[in-house]
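Worksheet: one structure, shown below.
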Amino acid sequence: MSHRAQLPSHGAVVHPPVPAHVPAGAAANGHMTDSVTVDRLVVHRGRTDVLRDVSFSIPAGRITGLLGPSGSGKTTLIRALVGVQRITSGEVRVLGRPAGDPTLRKDVGYVTQAPSVYRDLSVLDNVRYFGAMHARSRADALEAVAAVGLGDFLRRKAGDLSGGQFNRVSLACALVSKPQLLFLDEPTVGLDPVLRADLWAQFAAMAASGTTLVISSHVMEEAGHCDALLLLRDARLLARLTPAELRSRSGTDDLELAFLRLIQADERAQAGPGTTTAVDGAR
Amino acid sequence: MNWRMMWATTVRVLQQLRSDPRSIALILVVPSVLLAVVYWLYQNETLPPGVPRTFDRVGLMMLAIFPFVVMFLVTSITMLRERTSGTLERLLTTPIHKGDLLFGYALAFSLMAALQSVVATAVAYWVFGMSILGNAGWVVLVAVVNSVLGVALGLLCSAFATTEFQAVQFMPVVVIPQILLCGLFVARDQMNNVLEAISNVLPLTYSVDALQEIAKNSQATSSMATDLVVVAGFVVAVLLLASLTLRRRTA
């Protein structure tokens, strides 16, 4: 079963390439509104550059994949978008407001990489508690639990569930608020292929109903499920493109290989300015 | 402040506690067992006529000290878990106000503390025949205020620990000096000046003083009220400090 078979119809929409250095908000595709715009974002932690001069925008109502090897700055970038990361310089705007603005808290959902739920609470109690922060009802909580396929485990203590189930409790706690914009940090890590496919189908359905999703992953295969990709490497934004562009630019259907080729091209470009490559948007 | 979110937090904390019946049993039973120990400790003392039993003094103070110690421990560990499990960071990305979280915690644990002190006070009165002049209701009130003090200090201290092991180590630092200097072992006016000065800035001192007022007077006195206000002031100050340790944005 190919991953692409799971793609919903809107997955076929091709976004025009947006060079990463175009200032936030000035995306060529003017008909589409942007949920997130990032302009020259820099994050230092101690003496390390965690993010170096990153600029891009994220279209509303789409799935944007944030891909890159571990340690490339994905989590820090998501944290900056959510507004929990102290940034060194640059500007991050989310739904037209500065990231971390108090009024954003009701519109933005965040699923951390490590599942952050209460192990000693039942599945339903966890989801109801996070739902209460958004004035959601018990019915909303039941719906969110059902959406992640845990309907049979309502009364089970979260800590007694398997790793993958535990992960999904964390996801349900974000879904219950029905956010306009949902950030998911590696939500599919450690899940079996069937569950992964289920979740991606669900993300696609959410995007179809207008939710903007930003999903990080270090598994390049998953890039195929996204409408737009942000490729991070070594604290820099390597490229912002669509999966189709990634394939055509690197001349392979294998997204893993495509990413590797992009990296190699980038390395050549860094080594000598004479050897220009096809990597638009990389700096 | 949003009452719904605060109440949701209280319910959640109590639900967490409910899933741990052993802790509930310890919270409710241990104080009574320790009271029994204190009772038997002074069983054979000989007193000149008219002098109150030592148990009436020590047992009474212990009624205020238990909830303080227990709630300090329970809170610092629960809050530490909240910090290290990522749930705190997640909560702070939701519309919850820091005050809703802190007061939600304080309310949940003070309900537990009220239950604990009702049990302990009942045992002290009816099983061990504790006799003081004041009303037992005041004793329970002081115990609850003290438990909130323990909650507040626990919330604050959890910020300075990164493991549960470290959190427990705060007990000798924060709790034991207060027990030593509160007037339980040596009356405060008999301490040397330095220790007395230190005891003046420790909140537990004022709770114990309030209890002594209750023991000596059949009616509530103004100095008991002052003591309670001082302890409440400490609680608010410590909660404010604790709220500063809840950061929405971190490096």
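The values are calculated or read from the model by the stated rules, or taken from the named source; none is laboratory data. Quick caveat: nothing in here was measured; it's all calculated off a predicted structure. Here the Cβ is made from the backbone with ideal geometry for all residues, glycine too, and neighbour counts use every protein chain on show. Ligands, DNA and RNA are excluded from the accessible area calculation, which covers all protein heavy atoms including side chains. Shrake-Rupley method; radii C 1.70, N 1.55, O 1.52, S 1.80 Å.
Given (1) within 12 Å of another protein chain (Cβ to nearest Cβ); (2) out of contact with any Leu (no Cβ under 8 Å at 6 or more places or on another chain); (3) open to solvent by 10 Å² or more (accessible area, probe 1.4 Å), identify the lone condition not met by A:Gly96. Here A:Gly96 clears every test but (1).
Table: residues versus (1) touching a residue at least 40 places away in the same chain (Cβ under 8 Å); (2) assigned to a helix (DSSP H, G or I).
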{"residue": "B:Ser23", "(1), (2)": "yes, yes"}
{"residue": "B:Val38", "(1), (2)": "no, yes"}
{"residue": "B:Asn44", "(1), (2)": "no, no"}
{"residue": "B:Asp56", "(1), (2)": "yes, yes"}
{"residue": "B:Thr93", "(1), (2)": "yes, no"}
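Considering region B:231-251, and only residues there that are touching a Ser or Thr at 6+ places or on another chain (Cβ under 9 Å) and over 30 Å from A:Asp49 (Cβ atoms), the residue that is surrounded by the most Cβ atoms within 10 Å (Cβ to Cβ) turns out to be B:Ala242.
Of A:Arg119, A:Arg52, all but one fail to be touching a residue at least 60 places away in the same chain (Cβ under 8 Å), touching an Asp or Glu at 6+ places or on another chain (Cβ under 9 Å) and of a type in the set (D, E, K, R); the exception is A:Arg52.
Taking region A:218-242 as the range and being of a type outside the set (Gly, Ala, Ser), open to solvent by less than 10 Å² (accessible area, probe 1.4 Å) and either assigned to a strand (DSSP E or B) or without any contact (Cβ under 8 Å) to a residue 24 or more places away in the chain (or both) as the test, the residues that pass are A:Leu229, A:Leu230, A:Leu231, A:Leu232, A:Leu238, A:Leu241.
Residues checked against (1) without any contact (Cβ under 8 Å) to a residue 60 or more places away in the chain; (2) crowded, with 19+ Cβ neighbours inside 10 Å; (3) within 12 Å of B:Arg83 (Cβ to Cβ):
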| site | (1), (2), (3) |
| --- | --- |
| B:Val148 | no, yes, no |
| B:Ala152 | no, yes, no |
| B:Leu155 | no, yes, yes |
| B:Ala161 | no, yes, yes |
| B:Glu164 | no, no, yes |
| B:Phe170 | no, yes, no |
| B:Val175 | no, yes, no |
| B:Phe185 | yes, no, no |
| B:Asp189 | yes, no, no |
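Name the residue, out of B:Val11, B:Val30, that is part of a helix (DSSP H, G or I) and away from every other protein chain (no Cβ under 12 Å). The conditions single out B:Val30.
Could you list, in sequence order, all residues of region A:99-129 that are more than 15 Å from A:Val82 (Cα to Cα), open to solvent by less than 10 Å² (accessible area, probe 1.4 Å) and more than 7 Å from every other protein chain (Cβ to nearest Cβ)? Within region A:99-129, A:Val123, A:Leu124, A:Asn126, A:Val127 meet the criteria. When A:Asp125, A:Asp152, A:Asp140 are checked against the criterion of being outside the structural domain of A:Thr103 (by TED's automatic domain parsing), free of Cβ contacts under 8 Å to residues at least 24 places away in the same chain and in contact with a helix residue (DSSP H, G or I) (Cβ under 9 Å, 6 or more places away or on another chain), a single residue qualifies: A:Asp125. Within the option set B:Leu149, B:Leu156, being closer than 24 Å to B:Val33 by Cα and within 20 Å of the chain's Cα centre (by Cα) holds for one residue only, B:Leu149. What's the number of the only condition in (1) over 17 Å from the mean Cα position of the chain (by Cα); (2) hydrophobic (A, V, I, L, M, F, W, C); (3) more than 8 Å from chain B (Cβ to nearest Cβ); (4) open to solvent by 50 Å² or more (accessible area, probe 1.4 Å) that A:Ala147 fails to meet? Evaluating A:Ala147 over (1) over 17 Å from the mean Cα position of the chain (by Cα); (2) hydrophobic (A, V, I, L, M, F, W, C); (3) more than 8 Å from chain B (Cβ to nearest Cβ); (4) open to solvent by 50 Å² or more (accessible area, probe 1.4 Å) leaves (4) as the failure. In the condition set (1) open to solvent by less than 10 Å² (accessible area, probe 1.4 Å); (2) within 14 Å of chain A (Cβ to nearest Cβ), B:Pro67 is compliant with all but (2). Being open to solvent by less than 10 Å² (accessible area, probe 1.4 Å), in contact with a strand residue (DSSP E or B) (Cβ under 8 Å, 6 or more places away or on another chain) and outside the structural domain of A:Val84 (by TED's automatic domain parsing) is a condition met by no residue of region A:198-217. Pull up region A:130-144, narrow it to residues that are farther than 25 Å from A:Val189 by Cβ and not hydrophobic (A, V, I, L, M, F, W, C), then point me to the one that is farthest from the other protein chains (Cβ to nearest Cβ). In this case the residue turns out to be A:Asp140.
A single member of A:Leu161, A:Leu175 is away from chain B (no Cβ under 12 Å), buried (at least 23 other Cβ atoms within 10 Å of the Cβ) and not aromatic (Phe, Trp, Tyr), and it is A:Leu175.
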